[in-house]
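Notes follow once the structure below has been shown.
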Amino acid sequence: MNRTAAEVQARLATTQSFGGLVSALRGMAAARTERARTRIAGADAYSHTVAAAIGQALALLPADAAVARTGDGHDEMLWLVFGAEQGFNGGYTERVLDALPTTTPTTRIVLLGEQAKRIAHVRRLPIEAHAPLVAHAGAVIPASERLRSLLLDTLARKPAASVELLFGELGAGNHFELRRQRLLPLDLETLRAAPTQAPRVHQPPAELLHLLAGEYVTARLARAVLHSHAVENLARLSAMAAAQENVAKLGESLQAELRQLRQEAITAEVVELAAGLRSLRARSDAATGP
């Protein structure tokens, strides 16, 4: 369908406005990704420090002391699935949900992220509990503490054999991978260490271990929340970069079409003017003839 120059001009203006929005979203996603990236080293150090403390606390226990394991007697896995909080992320949430195991009928899901909740509802996934994620990296610690409370409440209602994490982990550069990691029960044997000297403690070793285990779970959750936030914004950054390229190409196409329509309008005006001049000359010649 042929369009007028005014219609093309209006669409070009809309495209340019949309390009401004895409550029703003891209800049915001880039800033949030970098802020999260700068905090990841701290989150990793926090987790490693608590793990080392658990190893020292385990060394203080008697050799025959048994450590309770979460979820004995149950064969169900509880998945903490870290989706996206906001949209415009190039299908990142869909990739996360596609990575969920589908062969296990006893899988339970605690879903994180508002956009993930909407997409899971469309897919009719059985969601046992839900919580929002974060919009900026500064909210990671409070969010991880709320998530730990939600996890404990969920397990109190119905224990599970294990708790698994599914989240996006930020890598070097602009790369990320979806990770599956076990959160509970803690693999205490891999954390056990023989300290060079006995640490000074003011609590019974079993009580100290219980407190450190809770802190370690919070640290692991904080790390997963932070990585998930960074990856969501990295995915949004990539999606907005592609959208900006498409908007630029569309803008160039519309500008070329607008130039062509204007040239055609000018040509039509010149032709009409030339025809008028010929008609005027013919009438003038007829009036001055013999």
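Readers should treat all values here as calculations from the given coordinates under stated rules, not as data from a laboratory. Computed from a predicted structure; not experimentally measured. Neighbour counts are summed over all protein chains in view; Cβ atoms, including those assigned to glycine, are modelled from backbone coordinates with ideal geometry.
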Largest first, please: the extent of the C-alpha atoms of the range 125-224 along each principal axis, to the nearest Å. 46, 40, 26
Taking the Cα centre of the chain as origin, sum charge times position over the Cβ atoms of Lys and Arg (+1) and Asp and Glu (-1), and report the length of that vector in debye to the nearest 20. 560
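Around L58, what is the net charge, scoring Lys/Arg as +1 and Asp/Glu as -1 over all other residues with Cβ under 12 Å from its Cβ? The partial results should precede the final answer.
Numbers: positive: R192; negative: D187, E189.
Net local charge, L58 excluded: -1.
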Using only the Cα atoms of the chain, what are the Rg and Dmax in Å? 31.6, 133
Could you pull out every residue, at least 5 positions away or on a different chain, whose amide H is within less than 5 Å of the one on L183? Hs are placed 1.01 Å off N in the peptide plane, and Pro or chain starts have none. V163, E164, L165
Going 7 Å from the Cα of Q255 along its beta-carbon direction, which residues of the range 15-39 have the amide nitrogen within less than 16 Å of the resulting point? 15-20
Just name one of L184, T4, T102: the one whose Cα is farthest towards the positive end of the charge dipole of the chain (beta-carbon charges, Lys/Arg +1, Asp/Glu -1). T4
Taking the dipole of the chain about the Cα centre (Lys, Arg +1; Asp, Glu -1; charges at Cβ), the one of Q255, A59, F167 that reaches farthest to the positive side is Q255
How much length is gained on full extension from A5 to A156, taking 0.36 nm per residue of separation minus their Cα-Cα distance? 47.7 nm
Measure off 7 Å from each Cα along the Cα-to-Cβ vector at R123 and A139, then give the distance between these two points in nanometres to one decimal. 2.3
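Around L208, what is the net charge, scoring Lys/Arg as +1 and Asp/Glu as -1 over all other residues with Cβ under 13 Å from its Cβ?
Working: positive: R200; negative: E207, E215.
Once positives and negatives cancel, what remains is -1.
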Pair R281, Q244: separation of 7 Å Cα→Cβ label points (nm): 5.6
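State the three equivalent ellipsoid semi-axes of the range 149-290, derived from the C-alpha gyration tensor as the square roots of 5 times its eigenvalues, in descending order and whole Å.
On the way: eigenvalues 1345, 46, 23 Å².
So the equivalent ellipsoid measures 82, 15, 11 Å along its semi-axes.
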For R200 and E76, FRET efficiency with R0 = 30 Å and r from the beta-carbon atoms, rounded to 0.05? 0.15
Between R95 and D44, with labels modelled 7 Å along Cα→Cβ, what's the label distance in nm to one decimal, could you check? 2.0
